[in-house]
Amino acid sequence: MKKKFLFMTIIFSLLLITACGQGGQQEEQTGEDKTEEVKVLKMATSADFAPFESRDPSGEIVGFDIDLAKHIAEELGYELKIEDMKFDGLVGALQTNRVDIVLAGMSATEKRDKNVDFSIQYHHSGEMFLTLKDSEIKTIDDLVGKKVGVQLGTIQEEGAKKLQETIDFEMKQVDNSTTLIQELLSNRIDVAYLDKSVATGYIKEQDLAGFDDPTSSSPGMAVAFPEGSELIDDVNKVIEEMQASGKLEELKEKWLTEEE
Ligand code: ARG
């Protein structure tokens, strides 16, 4: 009897291992490989950036970028696989061809453009300094002597470094945008410097305050690809169609807080 049980357990484990192995294999098919039956589009994001990408209570990654990516994948006939990683690792993931595309509220800066390629821009967000509601910090001049938090690898990290040349404040870099907000709420930083389209959501939900960055001149957000990717033209076409049909605007209305 015992022997039979052992035998069944071994068989079951073997079946399980085979099943897992197959799942893994499917993931190996990349967007470039068009000969496979199921074309998989490997996307990376940093799911710490609501409403563009964050985890819902069930742990699923949702948001504006996710809906956009799903639509792109569907239109081009791919199955979308999403990998969650730190924002400052995304450009590297493209450079090493670990993923086919990145949607992460990523601003299409000239500096990044040297290492990756970008689609046309699908959204423009200014930048904002987010504070607690009763904060006395109301303009960038009030930043003197304060602690300003930014997310590692973002345009705001660069912007803050530049601002430090003229305004004397301390900068704190964290690798996660959600952590950044927690730092603000728990008074470990005085200001969080981030995209306006994200900040406005927090102002509403968490009853915070904020002011626009008058020095901001950042480019809009775009889909990023490994340099020379064959997908760029097709993705641009889908985005253009979405602009023309009103589908892109619809997504903005669904996810983004209106900005004054
Ligand atoms: N727009 C900014 C940038 O491109 C911040 C993006 C942060 N995105 C994120 N998923 N945490 O640098």
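Each value in this text was obtained by applying a stated rule to the coordinates, not by laboratory testing. In this text the structure is predicted, and so the values were computed from the model without any measurement. Counting neighbours? That spans all protein chains shown, and the Cβs are built from the backbone with ideal geometry, glycine included.
Can you pull out the residues in the range 161-215 that are within 16 Å of the ligand (Cβ to nearest atom) and either touching a Pro at 6+ places or on another chain (Cβ under 6 Å) or acidic (Asp, Glu) (or both)? Selection gives Asp175, Glu183, Asp195, Gly201, Asp212, Asp213.
The condition (being within 18 Å of the chain's Cα centre (by Cα), touching a residue at least 24 places away in the same chain (Cβ under 8 Å), under 16 Å from Asn236 (Cα atoms) and within 12 Å of the ligand (Cβ to nearest atom)) is satisfied by just one residue among Phe118, Phe49: Phe118. Evaluating Leu90 against the criteria (1) touching a residue at least 60 places away in the same chain (Cβ under 8 Å); (2) within 17 Å of the chain's Cα centre (by Cα); (3) part of a loop (DSSP other than H, G, I, E, B) leaves one unmet condition, (3).
In the set (1) under 16 Å from the mean Cα position of the chain (by Cα); (2) within 16 Å of the ligand (Cβ to nearest atom), the condition left unmet by Lys81 is number (2). When the range 99-137 is filtered for residues that are part of a strand (DSSP E or B), under 17 Å from Ser216 (Cα atoms) and of a type in the set (Gly, Ala, Ser), only Ser107 remains. Out of Phe52, Phe64, Phe87, Phe129, one residue alone is within 24 Å of Gly228 (Cβ to Cβ), of a type in the set (Phe, Trp, Tyr) and surrounded by 17 or more Cβ atoms within 10 Å (Cβ to Cβ). It is Phe87.
Ala104 meets each of the listed conditions (1) within 13 Å of the chain's Cα centre (by Cα); (2) farther than 27 Å from Ala199 by Cα apart from (2).
Taking the residues in the range 91-112 that are among the charged types (D, E, K, R) and under 16 Å from Thr154 (Cβ atoms) as candidates, determine which candidate is nearest to the ligand (Cβ to nearest atom). My answer is Arg112.
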